[in-house]
Amino acid sequence: MNDILKKALERTEREGNDNGLKHELPILPENNPATSSTPAQEKEKKISINKNFSNKKNFTGSNLSAKKTDPKSKTKKEAINQKILADHKIIYDCRSHPGSDQVKILRTQMLQRLLASGGNSVLITSPRPGEGKTVNTINLAISIAQEIDRTVLLIDANLRKPAVHKCFGLDETEGLADYLLGKASISEIMINPGIDKLTIIPGGRPLTTSSEMLGATRMADLVTEMKTRYGDRILVFDGPDMLTNADSQVFAKLVDGVVLVVEAEKTARQDIKKAIELLGKTPLIGTIFNKSHE
């Protein structure tokens, strides 16, 4: 059994909690607008990393750019609505946002494990839908892009229910599904969302044949090409959940590691164990205990 999972499950057994999982990567909590902090509480938060970040909307993002066209690149460039990002709990400026430190810890620990194995691609998934994986995926990707020597390609691989474009306030457009169907080139589906060193590939049209598309040779060839084209690039895939369809199980073999997002007081231990089993030989490099109120 994976050591990360084993330690987490052993602790839940000691505590007698059937739904708990203690994280190996830091917590990204759900918004809690009623929370206010005293100095003593702030000190405690530094230890538990349970600081609220999603209710702060009046902050600046100097790295957001206006929509423009680069004649030397076919990558679309978009201006992003900061309010839409904040409404979706997206931390788009990891230098000044009050919740940025915990995302940086997540980024650092994940990259250490990923790069130690010689990898540069990670799939973010969860046992079941609605456990917070897309928001965590986007925040992680933005944080990596704001490192000095990294660029990030964020790919929406949830072809049944693509959601990354919604969090950025983008209209539904051509994406990964259209490329896999041969209806668009890779350059036509890349978008710079107005954040430096971050490129996204949206999911595109929803597909009912998503498992077949993700398991196709065309998908494997694309991942290989993206992993080897640029030495400073990290690939971050927002995948579907593990237990309601075979998509992430099929896709996991193409990446170097997996991060599993589980929801506090919701995700069952048996679902966590089953999800890990379905990953097969793909390394689990961490878990995120999401929406914690501890």
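Laboratory data are not the source of any read-out in this text; all were calculated from the coordinates shown. Predicted, not measured: the structure shown is a model, and the values here were computed from it. Virtual Cβ from ideal backbone geometry, glycine too; neighbours counted across all protein chains shown.
Based on the Cβ-Cβ distance from GLU265 to ALA220, what FRET efficiency comes out when R0 is 35 Å, to the nearest 0.05?
Step by step, r from the Cβ atoms, then E = 0.40.
Taking amide hydrogens as modeled 1.01 Å from N in the peptide plane, which residues meet the under 5 Å criterion relative to ARG233, leaving out close sequence neighbours?
Those lying under 5 Å, H to H, from ARG233 are THR151.
Please list 3J(HN,Hα) in residue order for region 111-118, calculated via the Karplus relation 6.51 cos²θ - 1.76 cosθ + 1.60 where θ = phi - 60°; whole Hz, with x for glycine and proline.
5, 4, 6, 5, 6, 4, 8, x
What trypsin sites (Lys or Arg not before Pro) in region 157-247 are in a loop by DSSP, with at most 15 other Cβ atoms within 10 Å of the Cβ?
For trypsin sites (Lys or Arg not before Pro) across region 157-247 that sit outside H, G, I, E and B with at most 15 neighbouring Cβ atoms in 10 Å, the list reads LYS183.
State whether region 155-207 is rounded, prolate or oblate according to the following rule on the C-alpha gyration tensor (a ≥ b ≥ c being the square roots of its eigenvalues): a/c under 1.5 gives rounded; otherwise a/b larger than b/c gives prolate, and the remaining case gives oblate.
Here region 155-207 falls in the oblate category.
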